[in-house]
Amino acid sequence: MILLLTTADTEILAAAGALERLPPEFPAVRCDNPARSQDPGALLDEVLPGARMVVVRLLGGRRAWPGGLDELSRRCAAGGVPLLALGGEAEPDAELTGLSTVPAGVVAEAFEYLRHGGVENTAQLLRFLADTVLLEGFGFEPPVSIPDFGLYAPGHGDVSLEQAVAGHDPDRPTVAAVFYRTHRIAGNTGFVDALMEALEAAGANPLALWCYSLRADRRGRVEALEPLRGRVDALVATVLASGGSNAGDALADLDVPVIQGICATVPRARWAASDAGLPPLDAAMQVAIPEF
């Protein structure tokens, strides 16, 4: 069994779709989100038995699952189970790469599959790992590049800028929402559709933009925001931490109100039942850091 642990539920959705593209004789694949359990040991007791290889992908790096990552590393080492540890940023996480027990080239290529994301890339990732780590012979294709950003319209999918604004009323304000590319390529756009519908009902022209991140380049420029410049009157950002301080500068350059829309990483029922509301990672990444 190949075990995929990821704090991105959209990657679990992509893996579920990928399973349909794998041959019947392919090893079993199990996915789970380590954030769902507050007891790492109990979670690993449940999911680790039978694993021939473990891939763990942590948005936010080690701090997203510090105790669990250490325990996972210890158990994999004791059982001789190959471990690939990957971060969720646009660049590789050196600390997590150092915890991996497979060749660095395998970690780097696995990171590329997940960085581009989507169902097909996930299917090819599983084939790649089965062949290079488990020494199977299914064959695999290299990662397929997906644009870093684009515009989305409910009911139409990806659209050009001209198509996105074609039906806008010039007498209405335009409110854009920015969401992660991983939601788009996994088909997890229900929350975006609902937000667009609510904005339109409130009297605004809705505009949805998906992106890999809002991380600024060396010039302090966020290319994904360029289609919005001069076209929007307000912005709802649902990406974690709005891309950091440099992205904050780029958002400020838009010169419009920016609202952090919180996409909780826990199920609604758990959020509603908790006296704390958001878990610590969400509170830090989606409330505290955007405020700073």
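Assorted remarks:
- Available extension along the chain between Val144 and Cys263 is 40.1 nm, counting 0.36 nm per residue and deducting the alpha carbon span.
- Note: relative contact order over region 85-219, using C-alpha pairs below 8 Å and six or more positions apart, is 21 percent.
- Separation between Cα centres of region 99-153 and region 33-94, rounded to whole Å: 18 Å
- Rough spin-label spacing in nm, given labels placed 7 Å along Cα→Cβ, for Glu200 and Phe26: 3.6 nm
- Segment Arg172-Glu291, length gained on full extension (0.36 nm per residue, minus Cα span): 40.0 nm
- Solvent accessible area, Å² - Arg30, 1.4 Å probe, full protein context: 80 Å²
- With both residues required to sit in the chain, DSSP beta bridges show an antiparallel share near 20%.
- Relative contact order (%) - criterion: Cα under 8 Å, at least six apart; region: region 58-143: 21 percent
- Surface composition of the chain: carbon plus sulfur atoms hold 53% of the accessible area, using a 1.4 angstrom probe and ignoring ligands, DNA and RNA.
- The chain, helix-only ellipticity at 222 nm - DSSP H runs n ≥ 4, -39,500 (n - 2.57), divided by all residues, nearest 500: -10500 deg cm²/dmol
- Seen from Arg115, the other residues with C-beta closer than 15 Å to its C-beta sum to a net charge of -4, counting Lys and Arg as +1 and Asp and Glu as -1.
- Tyr212 accessible area, assembled protein chains, probe 1.4 Å, Å²: 40 Å²
- One entry in (i) 0.96; (ii) 1.05; (iii) 1.01 is Cα Rg over 2.2 N^0.38 Å calculated from the shown coordinates; its label is (ii).
- Each of Asn205, Thr174, Gly277 was scored by the projection of its Cα onto the charge dipole of the chain, and the greatest displacement toward the positive side belongs to Gly277; charges sit on the C-beta of Lys, Arg, Asp and Glu.
- Straightening the chain between Arg36 and Glu136 buys 32.8 nm, computed as 0.36 nm per residue apart minus the Cα-Cα spacing.
- Taking the inverse of the mean reciprocal distance over all distinct Cα pairs, the Kirkwood hydrodynamic radius of region 149-292 comes to 15.8 Å.
- Using the Cβ-Cβ distance between Glu226 and Glu71 with R0 = 35 Å, the FRET efficiency computed as 1/(1 + (r/R0)^6) comes to roughly 0.20.
- Cα-based Rg / Dmax (Å) for region 1-157: 15.2, 50
- The calculated FRET efficiency for the pair Ala78 and Arg270, based on their C-beta separation and a Förster distance of 30 Å, comes to about 0.45.
- Within region 1-46, the GluC sites (Glu not before Pro) that combine a DSSP coil assignment with at most 15 other C-beta atoms in a 10 angstrom radius are Glu20, Glu25.
- The chain - percent relative contact order, Cα under 8 Å, separation 6 or more: 14 percent
- Label zone of Glu89 (point 7 Å out along Cα→Cβ, amide N under 20 Å): in region 124-165 this covers 148-149.
- Taken about its Cα centre, the chain carries a charge dipole of roughly 440 debye when the Cβ of each Lys and Arg holds +1 and the Cβ of each Asp and Glu holds -1.
The values are calculated or read from the model by the stated rules, or taken from the named source; none is laboratory data. Since we're looking at a predicted model, the values are computed, not measured. No Cβ is skipped: glycine too gets one built from the backbone with ideal geometry, and neighbour counts run over all protein chains shown. For accessibility, only protein heavy atoms count, side chains too; no ligands or nucleic acids. Shrake-Rupley method; radii C 1.70, N 1.55, O 1.52, S 1.80 Å.
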